[in-house]
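A quick write-up on the structure given underneath.
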């Protein structure tokens, strides 16, 4: 038995030239597909252009992970654009009280949650999982059929969890953010983070069990 | 793995096992030790580990340069403030479309010895009435002259519009032009050695030799003006955007409403987008809800004030209500939610709106008004999409008012609805709460 829980230590190593002003998230390190450590120099002058230059890849990855593999690449690009529009609007109010990368995580997550709030998009994502195995263009096509099937099964269950809990789960499990970082990003208390994570896990297990039992 | 179907969340330690991060070190060690032996907690952790592995085994494909550029173009286009009045409002001309197909020779500067020899080399062009293709212009813009202002889109002489039924190659003297099938174009007479090709719809691929200082070649679309010196480029005009791609040389592009050109060099392209539609504006407001509720309220409010189409208006009111709720304006938000429910096109949103209205009223201590809103929702939609949540809120309100028996019945109804929707976890919670109330 291995525990999926992580006890977090200090921030991971960042390139020396970035250490002075870097924003680092500890790498998971155990998986070949472990998320890239986010180590970014805070742009000297905070403009939408500089933020875009530094963070577009991260925002794209976060949005793609939060939307899941059934979202097409065009869908992801569309939401990424909305994230940067939101960032531009909110940038004048960024006071540096949290790390820029954490703040960007928060804006991204909120935009995605808003996008997922509609029943239609939710159902579209769910429906697309059926043919995801053949048509998804967001993820690499290298997985075997059984891996894709397993991925679709897990995501079918994840999509049954409410977006606010799912977002916390993915930020923690895939983006490797600590409870404090998630709390800061989503502007919620740390205790709420743990509650949402706990419920997400519990609901995920229940959904997996239902799926196993053939219950839709 | 079927651990949960065999032992449906049966271990009393499972809650702690699923919250290891929130535990103190000692408690965490204890929980892990327990999970090692427990037939529920151990496999549950294994299953979560396996899920994590599955999720991490795939990763989104990283962006390539072209995608980054496309995203940035999209961001830039969405950031742009809406431009001036729609160009077609300026025309006010209607032309009787001629059904007959005619072969036209496009000429400018007739009678001028210096005129460019411009001839359609091949193809048949059909006179076309572009006014018939666009929606009726907004009443405010039809009023006339006021809309014509510096930088505003310019009217095109509709009497000259022709459509290419297939790919057409034309020699316009200064330039060779290939028009895609279906393109709608006209030529604007100008000075002797100047050509202004008006492209309403379609794609024009243009090849221009080096021009003398006295010569000029321009392509104008409803959204932009493109001026060249000597180059090869392509202009694609669609209703919502004009796309310019330069293969050789340099072009200058003036967007409508701007007197400062954008220079586009060889290998570059530029998209000029039309002013946002009400639906796009609404989408922007919705995207702002969480990060900038005041901004979202301002945008959604302007849509409501401008009198958008009813199906957009009702969504705008809903967004405005959500924004006001986030700003802490509970009373205002509750009124707006009620307005959504009563809107002529509010049917699809009534349940959500009344539920949110009831939540706000309940939080403000007005339980009877909140219960009335929930009763209204019940009458309108019955079980609906969020029936369990509504019944549960009703139960909480009744409980707050000391009506335990009715609250228990409402919890039972919430449980029944949740179960019918396959949400067993919620059903169990509602059911337990109802049972506890009855026991007391």
For the pair residue A:47 and residue A:180, the simple spin-label estimate (label points 7 Å beyond Cα toward Cβ) gives in nm 3.4 nm
So how much slack lies between residue B:280 and residue B:421, counting 0.36 nm per residue of separation and subtracting their Cα-Cα distance, in nm?
47.4 nm
Residue-averaged beta-carbon neighbours from other chains (10 angstrom radius) around B:14-26
5
Modelled FRET efficiency - R0 35 Å, residue B:379 with residue B:436, Cβ distances, 0.05 increments
0.75
What length, rounded to one decimal in nm, is gained on full extension from residue B:169 through to residue B:247, with 0.36 nm per residue of separation minus their alpha-carbon distance?
26.2 nm
Prolate/oblate/rounded call for region B:373-435, Cα gyration tensor, a/c under 1.5 rounded
oblate
What FRET efficiency comes out for the pair residue B:302/residue B:66, r = Cβ-Cβ distance, R0 = 35 Å, nearest 0.05?
0.50
Per residue of A:198-207, other chain Cβ atoms within 10 Å number on average 6
By its C-alpha gyration tensor, with a ≥ b ≥ c as the square roots of the eigenvalues, how is region B:327-395 shaped: rounded for a/c under 1.5, else prolate for a/b larger than b/c, else oblate?
oblate
Run the numbers on region B:212-320 and let me know its relative contact order in percent, using alpha-carbon pairs under 8 Å that are six or more apart.
17 percent
Given a Förster distance of 25 Å, the FRET efficiency implied by the Cβ-Cβ spacing of residue B:294 and residue B:405, rounded to the nearest 0.05, works out to 0.05
Kindly identify region B:313-440 as rounded, prolate or oblate by the Cα gyration tensor criterion: order the square roots of the eigenvalues as a ≥ b ≥ c, call it rounded if a/c is under 1.5, otherwise compare a/b with b/c, prolate if a/b is larger, else oblate.
prolate
Taking each residue of B:40-52 in turn, how many C-beta atoms of other protein chains fall within 10 Å of its C-beta, and what is the average?
6
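Every read-out reported here was derived from the displayed coordinates using simple, explicitly stated rules and does not represent laboratory data. Computed from a predicted structure; not experimentally measured. No Cβ is skipped: glycine too gets one built from the backbone with ideal geometry, and neighbour counts run over all protein chains shown.
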